[in-house]
Amino acid sequence: MNIWPVPQVKIGENAISEIPAALDALGADKVMVVTDAGIIKAGIYSKIEKILKDAGKEIILIDEVKPDPSMQLVDSIAEKARHSGAQAVIGLGGGSSIDSAKVAAALVGNGGSIKDYLGVGILPKPGLPILAIPTTAGTGSEVTYLSILSDLENETKKGFGSAFIMPKYAFLDPALTVGLPPHITAPTGMDALCHCVEAYTSANATDFSDALAVKAISLISQNIRTAFNSGSDIKARENMLLGSLMAGIAFANAGVTAVHAFAYPLGGMFHVPHGMANSLMLPVIIKFNAPAMKDRFGHVAELMTGRSGADWQDCIAEVEKLCSDVKLPRNLKEIDIPESAIKPMSVSVMDQTRLLVNNPREVTQQDAFDIYTEAWSR
Ligand SMILES: NC(=O)c1ccc[n+]([C@@H]2O[C@H](COP(=O)([O-])OP(=O)(O)OC[C@H]3O[C@@H](n4cnc5c(N)ncnc54)[C@H](O)[C@@H]3O)[C@@H](O)[C@H]2O)c1
Ligand SMILES: [Fe+2]
């Protein structure tokens with residue numbers, strides 16, 4: 001069994017006050033902060049800026065990250081990082097900002113473009129140390145060796161994996177997530193739920209990933225509605241951060257499955273937000289995968305409902321109820337995906353071999369077509 005290392009994690013209210021000590025430990029006085037306009041607007045960056053300035057740290061701010069960052073964007077951030085003299089990189093925001101920071105930091109130690117290093121374990125040398133401050137709960141990017149980037153030419157998303165992009169430190173401060181609006185809380189929370197459900201039902205699940213996934217499923221399904229309906233509930237926000245962190249470690253080790261694989265063409269071709277794309281695929285993939293793992297999907301249903309004896313069909317019903325409670329769409333038609341896209345998406349998804357290899361059931365080209373057809377009009 002392989003177990004990926006985990007960064008030093010500070011979790012709880014005011015966790016961000018410990019950032020300067022971490023930078024001191026890394027010997028970093030000049031730091032690049034990679035974030036996006038939404039984080040500046042929400043007043044989150046100004047909190048971090050104050051902490052860094054009060055500690056005498058020099059800041060280079062890059063605030064140009066866009067959702068689902070492209071390879072071109074991260075190349076351009078890396079070029080700025082190379083010439084900045086920064087000694088560490090902070091990823092501040094959702095998965096888009098953290099993923100961009102991780103790639104930019106790594107490319108500082110290696111020449112060329114991210115396109116030269118796609119795949120897992122290809123990057124030859126380490127770059128700058130990375131600190132992650134997630135403001136969504138979320139992608140788990142603060143504890144994964146992965147960054148997910150948009151491939152604009154091929155209208156899909158590609159994974160880049162390297163031990164060198166595992167953050168050294170992560171700061172999970174629920175106060176940074178209380179202002180997350182419900183329409184972002186819902187899909188990002190569903191992304192985290194998918195991570196742990198997929199890790200638990202992955203063909204490569206281990207005892208280690210199971211323990212984390214099981215707890216994460218409980219934490220997320222018991223707190224997502226409160227976080228959605230009462231955003232300022234700090235305990236629910238902290239539990240969501242803890243759940244997404246544990247789900248992140250679980251899937252970093254077990255992998256995600258067909259849910260994420262089928263979500264990528266929706267993100268790449270139609271810019272459907274990552275968590276929403278996953279939530280649209282989850283019930284359809286549970287139905288497809290259940291014959292291979294009835295007991296595990298039953299256990300997921302027990303964890304989600306708190307009812308012993310629940311089975312895989314209850315699992316689908318509970319996921320559908322949750323999506324409806326947090327106002328996520330039910331099918332692809334509802335979000336204006338044309339029916340004519342089913343065919344090209346079902347061809348594109350077959351390239352996601354990195355993920356499909358983890359799926360408990362083999363997915364054929366015909367299966368892919370049938371799965372998208374069901375997701376379109378269910
Ligand atoms: N590296 C990994 O392991 C991994 C895992 C899953 C997903 N991802 C990737 O992460 C990306 C998605 O990340 P995401 O879902 O966290 O969303 P995101 O980073 O794209 O952010 C979505 C929006 O939310 C805003 N936002 C974030 N936090 C906020 C806050 N606290 N208050 C107000 N606004 C806030 C941002 O400004 C942005 O406009 C995708 O590219 C996805 O593929 C990566
Ligand atoms: Fe995800």
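The values are calculated or read from the model by the stated rules, or taken from the named source; none is laboratory data. All figures in this text were calculated on a predicted structure; none of them were measured in a lab. Counting neighbours? That spans all protein chains shown, and the Cβs are built from the backbone with ideal geometry, glycine included. The accessibility values were calculated without ligands, DNA or RNA, using every heavy atom of the protein model including side chains. Shrake-Rupley method; radii C 1.70, N 1.55, O 1.52, S 1.80 Å.
As a calculated quantity, the FRET efficiency between residue 153 and residue 308 at R0 = 35 Å, using C-beta atoms, amounts to about 0.10. Largest to smallest in accessible area, the residues 151, 207 fall in the order 207, 151 (1.4 Å probe, all protein chains included). For the pair segment 41-57 and segment 245-304, the centres of their Cα atoms are 36 angstrom apart.
In whole percent, what relative contact order does segment 8-176 give with Cα contacts below 8 Å and a gap of six or more residues?
Numbers: 367 pairs, mean separation 45.9, N = 169.
Averaging sequence separation for qualifying contacts and normalising by length gives 27 percent for segment 8-176.
Debye-formula intensities of segment 8-176, expressed as log10 I(q)/I(0) at q = 0.10, 0.13 Å⁻¹, are -0.31, -0.53 (one equal scatterer per alpha-carbon, no solvent).
Put one equal scatterer on each alpha carbon of segment 182-377, apply the Debye formula with no solvent term, and list log10 I(q)/I(0) at q = 0.14 1/Å to two decimals. Result of the Debye calculation: -0.72.
Each residue was assigned an accessible area with a 1.4 Å probe, and for residue 17 the value is about 60 Å².
Counting only C-alpha contacts under 8 Å and six or more residues apart, can you give the relative contact order of the chain as a whole percent?
Relative contact order of the chain: 15 percent.
Phi-derived couplings, Karplus 6.51 cos²θ - 1.76 cosθ + 1.60 at θ = phi - 60°, listed residue by residue for segment 271-280: 6, 5, x, 3, x, 5, 4, 5, 5, 5 Hz, with x used for Gly and Pro.
Which order, highest average first, do 289-299, 25-35, 210-220, 6-16 follow once you tally other Cβ atoms within 10 Å for each residue and take the mean per peptide?
Per-residue mean Cβ counts within 10 Å order the peptides as 210-220, 25-35, 289-299, 6-16.
Where only protein heavy atoms count, and the probe is 1.4 Å, what is the accessible area per residue for segment 8-176 in Å²? Intermediate values should be presented prior to the final figure.
Working: 6100 Å² over 169 residues.
Per residue, segment 8-176 has an accessible area of 36 Å².
When shorter helices are ignored and each DSSP H run of at least 4 residues is given -39500 (n - 2.57), the per-residue value for the chain at 222 nm works out to -16000 deg cm²/dmol. Given a 1.4 Å probe and the protein chains as shown, residue 152 ends up with an accessible area of around 100 Å². Specify the angular offset, from 0 to 90 degrees and rounded to the nearest 10, of the alpha carbon long axis of helix 95-108 from the longest principal axis of the alpha carbons in the chain. Result, in degrees: 50. What is segment 7-47 by shape, rounded, prolate or oblate, if you read a ≥ b ≥ c off the alpha carbon gyration tensor as root eigenvalues and call it rounded for a/c under 1.5, prolate for a/b larger than b/c, and oblate otherwise? Cα axes put segment 7-47 in the oblate bin. Antiparallel beta bridges, as assigned by DSSP with both residues in segment 8-176, represent about 20 percent of the total such bridges. Relative contact order, whole percent, for segment 182-377 stands at 25, derived from Cα pairs under 8 Å and 6 or more residues apart. Roughly how many percent of the accessible protein surface of the chain is carbon and sulfur, given a 1.4 Å probe and a whole-percent answer? Accessible surface attributable to carbon and sulfur in the chain totals 53 percent.
Between rounded, prolate and oblate, where does segment 207-295 land on the alpha carbon gyration tensor, with a ≥ b ≥ c its root eigenvalues, rounded for a/c under 1.5, else prolate if a/b exceeds b/c? Oblate is the answer for segment 207-295, as a/c is 1.5 or above yet b/c matches or exceeds a/b. The string of couplings for segment 71-81 from the Karplus curve (6.51, -1.76, 1.60, θ = phi - 60°) is 5, 4, 5, 5, 4, 6, 5, 4, 4, 5, 4 Hz, one whole number per residue in order, with x for Gly and Pro.
Please work out the average accessible area per residue across segment 182-377, using the 1.4 Å probe convention, and give it in Å².
Normalised by residue count, the accessible surface of segment 182-377 is 37 Å².
DSSP beta bridges in the chain, what fraction antiparallel, as a percent rounded to 5? Percentage antiparallel, nearest 5: 20. Under 1.5 on a/c is rounded, so check that first for segment 133-218, then, if it is not, pick prolate when a/b is larger than b/c and oblate when it is not; a ≥ b ≥ c are the square roots of the alpha carbon gyration tensor eigenvalues. Taking the square roots of the gyration eigenvalues as a ≥ b ≥ c, segment 133-218 is rounded.
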